[in-house]
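Read-outs throughout are calculated quantities, based only on the coordinates presented, and are distinct from any laboratory measurement. Everything numeric here is computed off the predicted structure, so don't read it as measured data. Here the Cβ is made from the backbone with ideal geometry for all residues, glycine too, and neighbour counts use every protein chain on show.
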Amino acid sequence: MPAAKPPLPQPDVLTTSFWNACRRRVLEISVCGDCGHRFLPPGPCCPRCWSPRLASQESSGRGRVDSFAVYRRTYHPGMPAPYVVALVELDEGPRLISNIVGCAPEEVAIDRRVEVRFEAADGFSLPRFALGHGKESAKGGNS
Ligand SMILES: [Zn+2]
């Protein structure tokens, strides 16, 4: 039996550029041309100053776990439990909801460093995150 597909994106006029960048293994973030605010998900205007002058920028793909939950029940055949849903804060500032993959759910913790990893699925390239090294945030922390 072939493996079930995970839920897939449905790109629209605002998100097609993001998903095309993912196919190039680039995590693209939106940047306001007026106030410099960087954000996700892509939108029609800056969520801080409402400017429609937007550009995009390549993220480093690195960040930290801001919050997470371990799902121990399978809700979708393409996402067998257990799996981790996490709110990841990129080093550039934007936050996105994704999955932490490549480790046991018990290894995930708030403030763990993570790095993007693209997973191919039915013509898409889905941004997931894997644990990186160290627990401190790039912004400082205990050191
Ligand atoms: Zn702005």
Legend entry - Helical mean residue ellipticity (222 nm; -39500 (n - 2.57) per DSSP H run of 4+; nearest 500) of the chain: -1500 deg cm²/dmol
Legend entry - Built amide H within the under 5 Å cut-off of ASP34, gap 5+: none
Inset, instruction - Using Cα pairs closer than 8 Å and at least 6 residues apart in sequence, work out the relative contact order for the chain, in percent. - result: 22 percent
Inset, instruction - Please work out whether the chain counts as rounded, prolate or oblate from its C-alpha gyration tensor, where a ≥ b ≥ c are the square roots of the eigenvalues and a/c under 1.5 means rounded, while otherwise a/b larger than b/c means prolate and anything else oblate? - result: oblate
Inset, instruction - State the Cα centre-to-centre distance between segment 66-127 and segment 50-64 in whole Å. - result: 20 Å
Inset, instruction - Run the numbers on segment 75-114 and let me know its relative contact order in percent, using alpha-carbon pairs under 8 Å that are six or more apart. - result: 32 percent
Inset, instruction - Can you tell me the dipole magnitude for the chain around its Cα centre, using point charges on the Cβ only (Lys, Arg +1; Asp, Glu -1), in Debye to the nearest 20? - result: 100 debye
Inset, instruction - Apply the Karplus parameterisation 6.51 cos²θ - 1.76 cosθ + 1.60, with θ equal to phi minus 60°, to every residue of segment 94-102 and state each ³J(HN,Hα) to the nearest whole Hz, in sequence, with x for glycine and proline. - result: x, 10, 9, 8, 8, 10, 9, 10, x
